[in-house]
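The values are calculated or read from the model by the stated rules, or taken from the named source; none is laboratory data. Quick caveat, the model's predicted, so the values are computed rather than measured. We place every Cβ from the backbone using ideal geometry, glycine too, and count neighbours over all the protein chains shown. Side chains included, ligands, DNA and RNA excluded: accessible areas come from the protein's heavy atoms. Shrake-Rupley method; radii C 1.70, N 1.55, O 1.52, S 1.80 Å.
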Amino acid sequence: MEMTLQLWSMLCVGAGLFFFAVGTLGLLRLPDLFSRLHALTKADNLGLGLVILGLLPWAGDGFQVLKLTLIWLLVLLGGATGAHLIAKRALRADGEEMLE
Amino acid sequence: MTDFWLAAALCLLLTMALGLVRVMRGPSGGDRILGVQLLGTAGIAVLLLLGAAFDMPALADVALIFALLAAVSVAALTRRRLTREDS
Amino acid sequence: MTAPLLLAFDLILIATLLALASAALLARDARHAVMLFILFGLWLALVWARLGAPDVALAEAAIGAGLGGALMLAAARRAARAAARDETPDTSGETP
């Protein structure tokens, strides 16, 4: 049982790390803002979900499980909203630089 | 299992440090804000892994604050500057 | 095995923290500096979490990075607007 849980965690966290690495690689290597947005926001949220999935068997009680799941849902919501905000701001900048 | 959690957190920390390169020299402001989002998400994962490694479930609360902070700061940074007509 | 992992973790954490701090200090534009300050606060919260102080990490993330960052961003934005107004005085009439 213990072995199975460990294997499950290693698989899930390993896959999550892979997605994080791919997201960062996309952020560094892709040519323009919109392709970077596309690579980063999806890969990152999936990576976090997989890491949390790997951590769930080790959570102490049901409340902790609920909290971890809610963190992931909040990140999903916030990530999607943030991606839309960045894209909209970049599209309708009227020649005005973001952060300027 | 502690070593595995720590190794995973170390990998994620390296990923975050690489993402900072884009924040420092991103050509446009949007790239820098994307870096903020990456750091928020990866920071949550590092905090949760550290919480598992050190057996400190309280770190999940810090992760929750990180999630909130990343969302709010992206919204604040992308806000348009008010022109003088609107203000 | 745990000790070298922790050592590597700490070294990367501190090196990046110092890099972020100097970048925030040396940034030329005020809003870039504020953004780097927010990232610095996030990173410092990670350091507190590593040191085993989740309550301090909580306060640092919420107050240091969140509240302070938002206030400084508003101030930087306002300062930039005032500077732009001073540079291009409007033609509708001078104040008497």
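Name the single residue, out of those in the stretch A:67-100 being more than 19 Å from B:V36 (Cα to Cα) and of a type in the set (G, A, S), that is modelled with the lowest pLDDT. The extreme case among them is A:G95.
Out of B:L20, B:L77, B:L34, which single residue is modelled with pLDDT of 85 or more and either charged (D, E, K, R) or surrounded by 24 or more Cβ atoms within 10 Å (Cβ to Cβ) (or both)?
Just one listed residue meets the conditions, B:L34.
Restricting the stretch A:49-66 to residues that are over 21 Å from B:A8 (Cα atoms) and assigned to a helix (DSSP H, G or I) leaves a set whose member that is modelled with the lowest pLDDT is A:G62.
For the stretch A:49-65, filtered to residues that are exposed (fewer than 15 other Cβ atoms within 10 Å of the Cβ) and of a type in the set (G, A, S), the residue that is farthest from A:T4 (Cα to Cα) is A:G62. The condition (being in contact (Cβ under 8 Å) with a residue 12 or more places away in the chain and either of a type outside the set (S, T, Y) or surrounded by fewer than 24 Cβ atoms within 10 Å (Cβ to Cβ) (or both)) is satisfied by just one residue among B:A58, B:A70: B:A70.
All of A:L37, A:L85, A:L27, A:L46 fail the test of being over 30 Å from C:A27 (Cα atoms) and either in a helix (DSSP H, G or I) or open to solvent by less than 50 Å² (accessible area, probe 1.4 Å) (or both), apart from A:L46. Among the numbered conditions (1) polar (S, T, N, Q); (2) over 30 Å from C:R77 (Cα atoms); (3) at the interface with another protein chain (Cβ under 7 Å from one of its Cβ atoms), the only one that A:T24 does not meet is (2). Number of residues in the stretch C:48-63 that are part of a helix (DSSP H, G or I) and either surrounded by 18 or more Cβ atoms within 10 Å (Cβ to Cβ) or within 8 Å of chain B (Cβ to nearest Cβ) (or both): the value is 10. Being within 24 Å of A:K67 (Cβ to Cβ) and not hydroxyl-bearing (S, T, Y) is the requirement here; does B:L20 meet it? No.
Please verify whether the stretch B:34-46 includes one or more residues that are more than 9 Å from chain A (Cβ to nearest Cβ) and farther than 20 Å from A:K42 by Cα. No; the residues of the stretch B:34-46 include none that is more than 9 Å from chain A (Cβ to nearest Cβ) and farther than 20 Å from A:K42 by Cα.
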